[in-house]
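J.: Have a look at this one before I ask anything.
Only the coordinates and a few stated rules stand behind these numbers; no lab work does. The structure presented is a predicted model; accordingly, all values stated were derived computationally and were not measured. Cβ atoms come from the backbone with ideal geometry, glycine included; neighbour counts cover every protein chain shown.
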Amino acid sequence: MIEDLARPATGDDHVGGVPARLVAEPATTEEAAAVVAAARDLTVVVRGGGTKLHWGPAPRSLDLIIDTRRLSGMVEHAAGDLITVLRAGTPLDGLELGEQQLALDHPPGATVGGTVATGASGPRRLHYGTARDLLIGITVVRPDGTITRAGGKVVKNVAGYDLGKLYTGSYGTLGLITECVFRLHPRPAAHAYVRSTAPARAVPAILAARVAPAAIEVDAGTGELAVLIEGTPEGVRERAALVEKLLAGEIAEQPPGWWGLPPWEADGIGMKLSVPLSQVPALVDTGANVRGSAGTGVLYAAARDITEVERLRALCVRGGGHAVVLTAPAPVRDILDMWGPVPGLALMRRVKDQFDPEHRFAPGRFVGGI
Amino acid sequence: MADIDALARRLRSELGPEQVITDRQELRTYECDGLAHYKVVPAVVALPHTAAQVAAVVRACVAAGVPFVARGSGTGLSGGALPHAEGVLIVTAQMRRILEVAAQDERAVVEPGVINLHVTKAATPHGYYYAPDPSSQQICSIGGNVAENSGGAHCLKYGFTTNHVTGLQIVAPDGELVRLGGKAPDPPGYDLMGAFVGSEGTLGIATEVTVKLTRLPESVRTLLAAFGSIDQAGAATSAIIGAGVVPAAIEMMDALAIEAAEAAVACGYPPGAAAVLIVELDGPAAEVEAQFEQVTGLCEANGAFEIRIAADELERALFWKGRKSAFAAVGRISPDYIVQDGVIPRTALPEVLRRISEMAESHGVRVANVFHAGDGNLHPLVLFDDGVEGEAERAETVSGAIIDLCIEYGGSITGEHGVGMDKAKYMPRMFGPDDLDTMQLVRCAFDPSHLSNPGKIFPTPRLCGEKAGSDLRERFPGVEVF
Ligand SMILES: Cc1cc2nc3c(=O)[nH]c(=O)nc-3n(C[C@H](O)[C@H](O)[C@H](O)COP(=O)(O)OP(=O)(O)OC[C@H]3O[C@@H](n4cnc5c(N)ncnc54)[C@H](O)[C@@H]3O)c2cc1C
Ligand SMILES: Cc1cc2nc3c(=O)[nH]c(=O)nc-3n(C[C@H](O)[C@H](O)[C@H](O)COP(=O)(O)OP(=O)(O)OC[C@H]3O[C@@H](n4cnc5c(N)ncnc54)[C@H](O)[C@@H]3O)c2cc1C
């Protein structure tokens, strides 16, 4: 009985304004599987830190929230093998990994599961890649309650389909992520930021200088271009000096205040724009409030209104890219196409139908109404 | 049984007569891939020139209910491109155009038959290269790399094919052309491209691939360190990683592998070495110099009796020549051999290598070890003489036991060669029935009638199509096992 495994929802237990009836807080993968198995007639949304639960379309229907915060903690840190196993509800803040790091930029309060489920990324994706690149193994409770694993605990592994990629960025529509295995990186011995007011058009020159930056971030609001260099103390000194000269910038210990933060206000319209690298300057020059990774072509925008959403989207799509609305006030959200054009949607629907034939997990929250 | 003659006629009219092969003698050219002891002659071979032609072939197969198998260069080592006796083999050898080198976007767009190394050659004038570098890079195709999620010596630092593909055009198993991703990162929706890479031809056929280009590093430094024991070389590897260095590559060879390489290519490694390490660092000169000194020190501290530092590109190539020729080289010291591919956690290296050598001794076969030490990817070469009664079986036993060891230590049954048909039987040892079932949910979404490379990866197909049957001869009618 699901009532034995869940508590009644309170006022805070809603997703995008849709109230839930029940909340379950499993502490282990097995408990989570029992909850899901008992909830076979219910619609479900998974909640991690809840930091961005209101982002994206509201669910069509919601009976049960499965909260992962008790499903927390580090299962393993094999330092010699540079891997760690983390439960999904583990906060990414303050992971104890000694001289090593999980190189995922994340907002405060975010959990492992939430960050993987949204495929979120930050400035250092230029050097380290994103969750999809760092995740090497995963445990998921399928919507039918089955516990299933993919990948493993070694970085190099091509046995079977790479389902970790499929779950990454699936916004909880394919099941409940309970455990993730990540590859780790050594913590760099030194780092430096170079802050400048060089235009985004300077990025190719930085890349051509072969200084291997960890991040190149642009911010249209302040007109700044900033570069993060990581490595050995001697190496960082030399490389940062080179970039400083190239951009007529200034070396700093700390990043600019806007570094890694979304450019929009809490109640604003927030977009994620991704374009081929050479299109970044054009996006920055639109006069829109954009900010993000000028070295990879992933930017975030605070759109003033729907007209600006459409203008930015048209520009991205024409250039071979994408523009997704991550968050928007309810009235705007209700009339906006949050995702924009999605090639391959028919195949995506078939995947959803296989994993969740009754469309109970996060119904309506994903592309094409999945 | 489907009417193969009618299908061949349809393909001839849709493609062109010279693009369809049904002559038995010509078909034999395609009977096996790099794993030559499995052979199946396909019913038909099709050589499409365009994505539209691939789609036409697939649609014709679907209409006739005939299975199809993609083939790139046929260098695969797990029988992935082993044909189906009653099926069509779709060969991408005529699809070798590099469509675009967009250096300003750090991307190249290529047809699936393009040879891996040719991408790098096209990108080099722009200051870029294509990072994944399987040892077979002079002959293997990008389509095959995508299907196998191929790696190479340098994936320790740079990752595998999956980390370097940003877009695919595929012909899905129902014959539809579908675009997944492109030059821009992070397309919205499920990462179907991520699921496709490494799917070994079971989710459709890649007809166009957009890859990331990587900046040529400012500096590359390579050293060769010789050790008196495997344990020392293993300890040096751990020390380098433990010191927070991420080398571009750390490769190890043991005495037997060195012996073979010397016999084949006279690479002139230090005599008397029980193991050599090749360590390569690349990146900004300022970083590489500091770390290279550190690595040299760590090799010395862990007992290296000789360290050579490549003075120029020529010497660097010579270090690598021994390593890259190792598979073929063992042919010089043994009439027959099995190339195994498994992964263990790097820290278990010394222990696992000891157990492999004990196993080899107790079964009376020799095992040469060449491997990607940095990421624990073993390539034991099990040597035998098929002319000696019982040796092949003993070699097969040892080779299988090595895979069991990899599983026992929490590793993987394959690090880069794929499951194909050769290792399908091991899948249930690495994954539970529910895990395999979940993978096949994806299969069912893409290919409900199981016509795309059936019988590979999964020992038992899921309910959504193909009839169950785990016997090799049943799954591959007409298969000859040598
Ligand atoms: C600069 C910047 C960029 C960002 N980019 C993005 C972006 O591109 N896309 C984006 O959505 N967010 C993005 N974020 C927001 C944020 O990083 C993530 O949403 C956050 O990591 C979510 O963590 P959480 O634990 O609070 O999850 P929650 O807010 O609780 O949940 C977020 C989503 O993940 C699902 N989820 C949570 N846990 C699990 C689980 N265990 N199993 C299955 N599903 C689960 C939820 O159902 C929900 O859909 C960005 C943030 C910043 C600062
Ligand atoms: C000497 C030697 C050294 C090697 N070294 C390495 C190494 O270092 N690292 C490594 O990873 N591998 C290595 N390999 C294995 C092999 O080269 C790789 O697996 C390679 O990617 C196969 O490419 P191919 O074009 O030969 O593919 P094939 O052998 O023709 O096919 C391989 C698989 O890919 C599928 N396929 C082919 N083209 C397509 C397509 N367009 N769409 C969908 N599926 C397709 C086939 O159906 C089959 O399942 C080595 C092989 C040899 C012989």
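J.: Compute the signed sum of charges (Lys and Arg +1, Asp and Glu -1) over the other residues within less than 14 Å, Cβ to Cβ, of residue B:414.
T.: Residues close to residue B:414 contribute a combined charge of -3.
J.: Still on this structure: Using the beta-carbon distance between residue B:216 and residue A:187 and R0 = 25 Å, what value does 1/(1 + (r/R0)^6) give for FRET efficiency, to the nearest 0.05?
T.: The pair residue B:216/residue A:187 has a calculated efficiency of 0.40.
J.: Please report the antiparallel percentage of the DSSP beta bridges confined to the protein assembly as shown, to the nearest 5.
T.: 90 percent
J.: Follow-up question, since we're still on this one. Could you work out how far the C-alpha centroid of segment B:157-224 sits from that of segment B:397-441, in angstrom?
T.: 23 Å
J.: Continuing with the same structure: Taking the Cα centre of the protein assembly as shown as origin, work out the dipole magnitude from +1 charges on Lys and Arg Cβ and -1 charges on Asp and Glu Cβ, in debye rounded to 20.
T.: 1740 debye
J.: Now a separate question. Let me check the size of segment B:28-154 from its C-alpha atoms; what are the radius of gyration and Dmax in Å?
T.: So, for segment B:28-154, Rg and Dmax equal 15.5, 48 Å respectively.
J.: Let me understand the protein assembly as shown better: what is its radius of gyration from the alpha carbons, and its Dmax, in angstrom?
T.: Over the protein assembly as shown's Cα set, Rg and Dmax evaluate to 26.6, 79 Å.
J.: Per the protein assembly as shown: cysteines with no other Cys C-beta under 4.7 angstrom?
T.: Isolated Cys, the protein assembly as shown: A:180, A:316, B:32, B:61, B:140, B:155, B:267, B:299, B:406.
J.: Under the definition of Cα pairs under 8 Å and six or more residues apart, what whole-number percent is the relative contact order of chain B?
T.: Value for chain B: 15 percent.
J.: Now, a different point. Report relative contact order for segment B:98-215 in percent, whole number only (criteria: Cα-Cα under 8 Å, sequence separation at least 6).
T.: Relative contact order here is 32 percent.
J.: Take the alpha carbon gyration tensor of segment B:218-325, find the square roots of its eigenvalues, order them as a ≥ b ≥ c, and report rounded if a/c is under 1.5; if not, report prolate when a/b exceeds b/c, else oblate.
T.: Oblate shape, in that a/c is at least 1.5 and b/c is the bigger or equal ratio.
J.: Same structure, new question: Work out the mean other chain Cβ neighbour count within 10 Å for the residues of B:97-104 and drop it here as an integer.
T.: Counting other chains' Cβ atoms within 10 Å and averaging over B:97-104 gives 2.
J.: Under the definition of partner shielding as Cβ atoms of other protein chains within 10 Å of a residue Cβ, what is the mean value for peptide A:233-244?
T.: 3
J.: What list do you get for B:99, A:315, A:277, B:89 if you sort them by fewest beta carbons within 10 Å?
T.: Listing B:99, A:315, A:277, B:89 from fewest to most nearby Cβ atoms yields B:99, A:315, A:277, B:89.
J.: For segment A:214-314, what class follows from the C-alpha gyration tensor (a ≥ b ≥ c being the square roots of its eigenvalues): rounded when a/c is under 1.5, otherwise prolate if a/b is larger than b/c, else oblate?
T.: prolate
J.: Could you state the angle between the C-alpha long axis of helix A:345-355 and the longest principal axis of the C-alpha atoms of chain A, as a value from 0 to 90 degrees rounded to the nearest 10?
T.: Computed tilt is about 40 degrees.
J.: Considering the dipole of segment B:334-422 built from charges on the beta carbon (Lys and Arg +1, Asp and Glu -1) around the Cα centre, which of B:400, B:370, B:334 is farthest to its positive end?
T.: Farthest along the dipole direction, towards plus: B:370.
J.: Could you list B:219, A:274 so that the one with the fewest beta carbons within 10 Å of its beta carbon is first and the one with the most is last?
T.: B:219, A:274
J.: What lysines sit close enough to residue B:456 to cross-link, taking a C-alpha to C-alpha distance under 29 Å and skipping anything fewer than 8 places away on the same chain?
T.: Partners found: A:153, A:156, A:165, A:352, B:39, B:212, B:324, B:423, B:425, B:467.
J.: Turning to a different aspect of this structure: What does the charge add up to near residue B:208, with Lys and Arg as +1, Asp and Glu as -1, over the other residues with Cβ less than 13 Å from its Cβ?
T.: +3
J.: For a protection proxy built on the mean count of beta-carbon atoms within 10 angstrom, sort B:284-292, B:112-120 highest first, please.
T.: Result, highest mean Cβ count within 10 Å first: B:112-120, B:284-292.
J.: Follow-up question, since we're still on this one. Taking only DSSP H segments of four or more residues, each worth -39500 (n - 2.57), what value at 222 nm results for the protein assembly as shown once the sum is divided by all its residues, to the nearest 500 deg cm²/dmol?
T.: The helix-only estimate for the protein assembly as shown comes to -8500 deg cm²/dmol at 222 nm.
J.: Need one word for chain A: rounded, prolate or oblate. Basis is the Cα gyration tensor (sqrt eigenvalues a ≥ b ≥ c); a/c below 1.5 gives rounded, then a/b vs b/c decides.
T.: oblate
J.: Could you give the size of the charge dipole of segment A:269-342 about its Cα centre, using +1 on the Cβ of each K and R and -1 on the Cβ of each D and E, expressed in debye and rounded to the nearest 20?
T.: With only Lys, Arg, Asp and Glu charged at Cβ, the dipole is about 140 debye.
J.: Determine which aspartates and glutamates satisfy two conditions relative to residue A:272: a Cα distance under 16 Å, and not lying fewer than 8 residues away in the same chain.
T.: A:105, A:217, A:219, A:305, A:308, A:310, A:337, B:186
J.: I would also like to ask the following. Using +1 on the beta carbon of Lys and Arg, -1 on that of Asp and Glu, and nothing else charged, what's the dipole of segment B:4-91 about the Cα centre, debye to 20?
T.: 100 debye
J.: Within 10 Å of each residue's Cβ, count the other Cβ atoms and sort A:55, A:339 from fewest upward.
T.: The most exposed by this proxy come first: A:55, A:339.
J.: With a Cα-only, solvent-free Debye model of segment B:367-436, what are the log10 I(q)/I(0) values at q = 0.14, 0.24, 0.29 Å⁻¹?
T.: Rounded to two decimals, the profile gives -0.50, -1.19, -1.39.
J.: Explain nothing, just compute: Karplus ³J(HN,Hα) = 6.51 cos²θ - 1.76 cosθ + 1.60, θ = phi - 60°, for every residue of segment A:171-177 in order, whole Hz, x for Gly and Pro.
T.: Computed from phi, the couplings for segment A:171-177 are 6, x, 8, 10, x, 9, 6 Hz.
J.: Give the average, rounded to an integer, of partner chain Cβ atoms located within 10 angstrom of each Cβ in B:453-460.
T.: Per residue, the number of nearby Cβ atoms from other chains is 1 on average.
J.: While we're looking at this one, here's another question. Considering only the other residues whose Cβ falls under 15 Å of the Cβ of residue B:350, what net charge follows from Lys and Arg at +1 and Asp and Glu at -1?
T.: Net local charge, residue B:350 excluded: -2.
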